[in-house]
Amino acid sequence: MFTAERVADEKDWMKGETGDWELIIGLEVHAQVSSNAKLFSGAATEYGAEPNTQVSLVDAGMPGMLPVINEFCVEQAVRTGLGLNAQINLFSRFDRKNYFYVDLPQGYQISQFEHPIVGEGEIEIHPEDGDAVKVGIERLHLEQDAGKSVHDLSDDETYVDLNRSGVALMEIVSKPDMRSPEEASAYVDKLRGIVRALGTCDGDMEKGNLRADVNVSVRRPGGELGTRCEIKNVNSLRFIRQAINHEARRQIEIIEAGGTIDQETRLYDSVKNETRSMRSKEDAHDYRYFPDPDLLPLQLEQSFVDNIKATLPELPDARKARFVEEFGIPAYDAGVLTADKVTGDYYETTAKGRDGKIAANWVMGELFGALNKAGIDLADSPVSAENLGGLLDRIADNTISGKIAKTVFEKMFEGGGSADEIIEREGLKQVTDTGAIEAMVQEALDANPAQVEKAKQNPKLLGFFVGQVMKASGGKANPQAVNQILRAKLGL
Amino acid sequence: MSDLTNLTLESALTGMASGDFSSEEITRAHIDACMEAADLNAFITTTFEQAMDMAKASDARRAKGEVGKLEGAPLGVKDLFCTEGVKTTAASQILGDFKPPYESTVSANMKADGMVMLGKLNLDEFAMGSSNETSSYGNVVNPWKNGEELVPGGSSGGSAAAVAADICLGATATDTGGSIRQPASFTGTVGIKPTYGRCSRWGIVAFASSLDQAGPIAKTVKDSAILLDSMAGYDPKDSTSLNVDNGDWVNSCGKSIKGLRIGIPKEYTVDGMPTEIQSLWDQGIEWMKDAGAEIVPVSLPHTKYALPAYYIVAPAEASSNLARYDGMRYGARVDGENLNDTYERTRAAGFGPEVQRRIMIGTYVLSAGYYDAYYLRAQKVRTRISEDFKNAWENCDALLTPTCPSAPFAIGRKLNDPITMYLNDIFTVTANLAGLPGISVPAALDQDGLPLGLQIIGKALDEDTVFAAAGALEKAANFTAKPKKWWV
């Protein structure tokens with residue numbers, strides 16, 4: 001299923017001294033399973049807790065302690081697999097990956113080597129600068145995280161925090177189907193959208209809850225595959241792009257200088273924007289994988305999988321298509337509004353039963369702008385989707401004008417409350433009483449006799465009087481009514 | 001009061017129930033006996049003060065009418081079971097003065113049933129050995145003597161010696177390749193390894209997880225059933241624990257075996273086996289016939305591969321299970337130049353030669369390029385061995401075999417010859433590889449006056465039949481010999 005045949009768009013080729021190069025990229029993404037308890041122990045998984053306070057006897061590798069699988073984590077892995085349109089393996093098995101390190105208390109990591117819980121799948125990504133690309137999923141497996149080594153608390157000692165030890169991770173391995181840094185980051189972005197929509201991982205890259213190992217090699221466009229290097233633990237979309245760029249450039253320079261690429265593991269230094277060798281293939285650990293004898297193979301019932309499938313939420317791609325169809329908004333807007341679950345839910349609540357385009361403009365324009373300026377997440381927005389919807393209703397029924405609506409929105413953003421409350425409190429209700437409007441129109445006409453004559457010749461000048469009336473009414477006069485009365489009085 | 005130590009567990013429980021003596025009295029008698037038997041080196045840690053407190057508490061419970069399955073009985077616990085607040089060593093230096101903040105499920109079950117714990121019994125380091133000579137706390141001496149001092153077998157040598165010397169009414173043990181049954185055979189005691197999954201492994205220092213199983217060493221078959229009934233039971237903390245009820249084991253011990261089909265596996269006749277062992281086996285066959293059993297010759301064709309497969313699987317798992325002893329969080333540490341140096345120094349100092357040997361074998365057989373040839377093949381052999389047994393069960397209900405290919409041997413004789421040492425397990429490892437219950441029953445003395453055992457292997461979860469056959473064997477053998485108390 002590896003699409004080695006796909007050659008990158010020419011715009012994605014990298015120029016070298018001796019010609020063009022094409023990038024071949026595959027990713028291993030580690031996504032922390034959203035779960036209150038660890039994969040094999042009952043310990044909690046709260047982020048940011050005091051060091052070594054979320055550690056059970058199992059996580060600390062005490063003598064005689066045994067792992068017991070957390071069924072919820074299994075469910076989350078299956079749910080994610082279904083979201084990746086992937087094969088769910090009813091039989092899977094846990095293996096031990098053996099190596100020594102201070103933050104690995106058992107001396108082995110429990111992972112899935114030969115028989116992962118999820119097999120091949122496929123997702124579609126939408127790089128900003130190109131067409132949609134299909135990326136194959138090789139597998140997804142469950143494994144435990146290690147603890148954290150802290151080297152900077154002391155000059156000559158390393159401290160270890162085992163809070164992460166045993167936390168459930170999903171390792172999602174892609175096929176080497178990406179051809180540019182933008183495709184790679186679009187892939188991770190899409191993956192993040194999917195796991196967030198599914199509620200199986202919070203996708204928080206800053207906290208390290210989603211991080212990627214990036215495999216990069218270069219070849220002549222459409223030519224023989226090169227030797228790859230793996231860049232470990234890259235934790236932002238920008239760093240992924242930068243690391244790939246740098247690594248590809250490094251490889252091209254070596255090859256063009258007549259050298260060869262050593263298969264090795266490298267680290268990305270975001271400060272210096274470079275990758276550094278961590279260990280070569282020769283130094284690679286022999287992990288001595290073997291089935292964990294403390295755990296029985298995982299045998300799932302088809303009904304278990306079917307039940308999860310039946311309760312799967314709508315995924316970003318499907319939601320996007322539905323928004324275009326149901327609300328009549330452009331694909332680009334739909335993409336923005338379905339980037340994550342919170343945004344999608346917000347928009348949907350706002351747009352339901354209203355004009356979808358106007359709703360999209362308000363959410364992406366006024367709301368996002370205000371949130372951005374205030375540095376607030378949508379989830380914490382002071383303007384609820386219900387209240388924004390209510391505001392749109394008052395525009396639609398001419399209670400207020402679009403202009404006044406912006407004022408109402410500002411008030412809403414500052415102090416909350418519904419549109420009706422604010423309109424009432426601030427006296428912003430549109431004047432639709434034709435008698436009152438007529439008086440104001442007459443006043444404006446009387447005050448500007450010269451303009452009246454001009455306007456009769458050139459109806460385009462009507463706007464001047466509309467402006468005068470609106471000004472006089474404090475913006476509250478119904479513009480349509482003002483227009484209508486003006487025209488009648490001027491005999492237009 | 002020293003006659004209280006001659007009692008079986010069953011009669012001690014009865015004696016306390018009828019008020020003939022208190023737990024305090026029988027516990028005191030056993031503590032005295034333990035102190036007299038210091039030369040046996042059966043204990044690594046004694047907990048006599050706590051034992052007296054536990055005995056008093058037991059008497060108080062009994063006065064209120066609360067009587068558990070093991071109420072007030074002074075027993076020993078193999079030092080592979082973690083015991084809360086009591087030093088747990090696995091007979092290794094690497095655990096240092098480790099005092100677990102938790103209690104193993106098996107010993108917790110027994111405490112809940114009224115056990116009085118006398119202390120932690122010696123064993124081969126990490127249960128790796130067949131003579132108790134690999135213990136870093138010194139070897140245990142077999143109460144049975146033949147001019148020279150003999151090994152008690154292993155790895156549960158301390159448990160077996162303590163029961164044989166009447167210094168505990170019974171003891172816990174573990175069996176990975178024969179570590180309950182072989183020492184039982186060497187000391188004239190009864191030892192049963194139940195079906196894999198009967199006893200929780202939670203809180204037992206792991207040797208080879210897929211083979212390790214706890215069981216008792218006791219003075220009689222019935223005592224072993226009483227003990228196992230307390231030790232066994234489903235434990236959700238062990239994923240390999242079986243969610244099944246215990247059988248009616250105590251009552252099965254006296255059941256008739258009339259019509260029971262006893263299989264005799266022809267492959268268990270091995271080259272170089274002493275004629276005495278063969279004739280004891282023949283004698284056993286006659287005893288079973290006399291008890292009404294039908295004798296059926298069976299074949300377990302893959303038996304010869306069992307020992308090699310065992311010595312791949314067990315070290316492989318051990319090499320990984322023992323990785324956690326790195327000097328970082330508990331136990332002993334020898335500081336080095338850097339992290340790797342600290343690991344190396346700690347593990348070089350903390351593990352004895354046999355444990356190091358097995359870690360290296362295990363690491364080797366799991367290594368890239370060797371995994372398929374060793375570990376994978378051994379697992380295939382394991383499957384074949386299980387199939388052999390399944391085929392045998394078509395024609396019989398249990399098997400009768402010798403427990404060991406020899407009587408207890410002199411201390412030091414086999415220590416530097418690992419292959420000969422490993423051969424001790426030849427008749428016992430098959431039950432571990434297939435997860436089946438096996439029991440060793442003392443059957444006779446050899447020409448030097450040393451005990452020899454016979455083994456019954458049963459179907460998975462069919463301990464009831466195992467106990468019935470063992471009971472019949474015990475009755476026919478009428479083994480009443482006791483070692484002379486030379487240590488007093």
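Each reported figure results from applying straightforward, stated rules to the coordinates on display, with no laboratory input. Source: prediction; values computed, not measured. Every residue, glycine among them, receives a Cβ derived from its backbone with ideal geometry; neighbour counts consider all protein chains shown.
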Original post:
Can you list the GluC sites (Glu not before Pro) in region A:249-338 that are in a DSSP coil and have 11 or fewer other beta carbons within 10 angstrom?
Top reply: A:Glu282, A:Glu301
Original post:
Could you work out the helix-only [θ] at 222 nm for chain B, with each DSSP H run of four or more residues adding -39,500 (n - 2.57) and the total divided by the number of residues, to the nearest 500 deg cm²/dmol?
Top reply: -11000 deg cm²/dmol
Original post:
What percent does the relative contact order of chain B come to when contacts are Cα pairs within less than 8 Å and at least six residues apart?
Top reply: 18 percent
Original post:
Is there a pair in B:Lys111/B:Lys266; A:Lys97/A:Lys207; A:Lys38/B:Lys56; B:Lys258/B:Lys482 whose C-alpha atoms are over 32 Å apart, and which pairs would that be?
Top reply: B:Lys111/B:Lys266; A:Lys38/B:Lys56
Original post:
What span do the alpha-carbon atoms of region A:101-210 cover on each of the three principal axes, reported in whole Å from largest to smallest?
Top reply: 51, 33, 26
Original post:
What FRET efficiency do you get for A:Lys471 and A:Asp397 if R0 is 22 Å and r is their Cβ-Cβ distance, rounded to the nearest 0.05?
Top reply: 0.40
Original post:
What's the Cα-based Rg to Rh of chain A, Rh via Kirkwood?
Top reply: 1.12
Original post:
What do you get for Rg/Rh over region A:434-492 if you use C-alpha atoms and the Kirkwood form of Rh?
Top reply: 0.92
Original post:
If you place +1 on the Cβ of every Lys and Arg, -1 on the Cβ of every Asp and Glu, and leave all else neutral, what size is the dipole of the protein assembly as shown about its Cα centre, to the nearest 20 Debye?
Top reply: 900 debye
Original post:
When the gyration tensor of the protein assembly as shown is built from Cα positions, what are the square roots of 5 times its three eigenvalues, in whole Å, from largest to smallest?
Top reply: 76, 33, 25
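Determine Rg/Rh for region A:192-250; Rg is computed over alpha-carbon atoms and Rh is the Kirkwood hydrodynamic estimate from the same atoms.
On the way: Rg = 14.2 Å, Rh = 13.0 Å.
Here the Rg-to-Rh quotient is 1.10.
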Subject >> Simple label model, 7 Å out from Cα along Cβ direction - B:Asn416 to B:Glu84, nm >> reply: 4.7 nm
Original post:
Are there trypsin sites (Lys or Arg not before Pro) in region A:256-360 that DSSP puts in a loop and that have at most 12 other Cβ atoms within 10 Å, and which ones?
Top reply: A:Lys272, A:Lys281
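Subtracting the Cα-Cα distance from 0.36 nm times the residue separation, let me have the gained length for B:Asp32 to B:Trp486 in nm, one decimal.
Length difference between fully extended and current span is 161.9 nm.
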Original post:
Taking one equal scatterer on every alpha-carbon of region A:276-359, how large is log10 of I(q)/I(0) by Debye at q = 0.18, 0.21 1/Å?
Top reply: -0.78, -0.94
**OP:** Specify the inter-centroid distance of region A:445-490 and region B:343-384, based on alpha-carbon positions, in whole Å.
**Re:** 95 Å
Original post:
For region A:342-417, treating each Cα as an identical point scatterer without solvent, what Debye log10 I(q)/I(0) comes out at q = 0.27 1/Å?
Top reply: -1.50
Original post:
When averaged across all projection directions, what area in nm² does the alpha-carbon convex hull of region B:22-139 cover?
Top reply: 7.2 nm²
Subject >> Listed residue (B:Val67, B:Gly85, B:Gly96) projecting farthest to the positive dipole end of region B:56-98, Cβ model >> reply: B:Val67
Original post:
In the protein assembly as shown, with Lys and Arg counted as +1 and Asp and Glu as -1 at Cβ, which of these residues, B:Ser299, A:Val173, B:Leu13, has the Cα nearest the positive end of the dipole, that is, farthest along it?
Top reply: A:Val173
Original post:
Hey, what did chain A get for relative contact order, percent, Cα under 8 Å, at least 6 apart?
Top reply: 14 percent
**OP:** Would you kindly compute the Cα radius of gyration of region B:340-488 and its largest Cα-Cα separation (Dmax), both in Å?
**Re:** 19.8, 59
**OP:** Treating only the Cβ atoms of Lys and Arg (+1) and Asp and Glu (-1) as charged, compute the dipole magnitude of chain A about its Cα centre; round to the nearest 20 debye.
**Re:** 1740 debye
Subject >> Residue-wise HN-Hα coupling along region A:198-207, computed from phi with Karplus coefficients 6.51, -1.76, 1.60 (Hz; x: Gly, Pro) >> reply: 7, x, 9, 7, 7, x, 6, 6, 5, 7
Subject >> Cβ-based charge dipole, region A:386-492, positive-most Cα from A:Leu490, A:Met470, A:Val408 >> reply: A:Leu490
**OP:** Report, in degrees rounded to the nearest 10, the 0 to 90 angle that the Cα long axis of helix A:316-327 makes with the longest principal axis of chain A.
**Re:** 20 degrees
Subject >> Computed [θ] at 222 nm, helices only, for chain A once each DSSP H run of length n ≥ 4 contributes -39500 (n - 2.57) >> reply: -11500 deg cm²/dmol
Original post:
Under 17 Å Cα-Cα from A:Lys460, which lysines qualify once same-chain neighbours fewer than 8 residues away are excluded?
Top reply: A:Lys489
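Please compare each pair in B:Lys304/B:Lys414; B:Lys193/B:Lys390; B:Lys78/B:Lys475; B:Lys193/B:Lys485 to a cut-off of 23 Å on the Cα-Cα distance and tell me which ones are over it.
Violating the 23 Å Cα-Cα cut-off are B:Lys78/B:Lys475; B:Lys193/B:Lys485.
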**OP:** With everything on Cα atoms, drop me the angle between helix A:434-447 and the longest principal axis of chain A, reported from 0 to 90° to the nearest 10.
**Re:** 70 degrees
Subject >> Cα radius of gyration and Dmax for region B:23-91 (Å) >> reply: 13.1, 39
**OP:** Specify the inter-centroid distance of region B:453-470 and region A:128-179, based on alpha-carbon positions, in whole Å.
**Re:** 50 Å
Original post:
Across the residues of A:283-292, average count of Cβ atoms on other protein chains within 10 Å?
Top reply: 5
Original post:
In degrees, nearest 10, range 0 to 90: what is the angle between the Cα axis of helix A:462-472 and the longest Cα principal axis of chain A?
Top reply: 80 degrees
**OP:** Send over the semi-axes of chain B's equivalent ellipsoid, whole angstrom and largest first, taken as the square roots of 5 times the C-alpha gyration tensor eigenvalues.
**Re:** 30, 30, 21
**OP:** For region A:104-119, take each phi angle, set θ = phi - 60°, evaluate the Karplus expression 6.51 cos²θ - 1.76 cosθ + 1.60, and give the result in whole Hz per residue in order, putting x for glycine and proline.
**Re:** 10, x, 7, x, 7, 9, 7, 9, 10, 9, 7, 10, x, 6, 10, x
Original post:
What list of ³J(HN,Hα) couplings, whole Hz, do you get for region A:482-492 from phi and the Karplus terms 6.51, -1.76, 1.60, once you set θ to phi - 60° and write x for glycine and proline?
Top reply: 4, 3, 4, 5, 4, 4, 4, 5, 8, x, 9
Subject >> Protection proxy ranking of B:419-431, B:216-228, B:360-372 - average other beta-carbon atoms within 10 Å, highest first >> reply: B:216-228, B:419-431, B:360-372
Subject >> In region A:314-426, lysine pairs closer than 19 Å at Cα, eight or more apart or cross-chain >> reply: 9
Subject >> Simple spin-label estimate for B:Lys390 and A:Asn307 in nanometres, 7 Å along Cα-Cβ >> reply: 3.0 nm
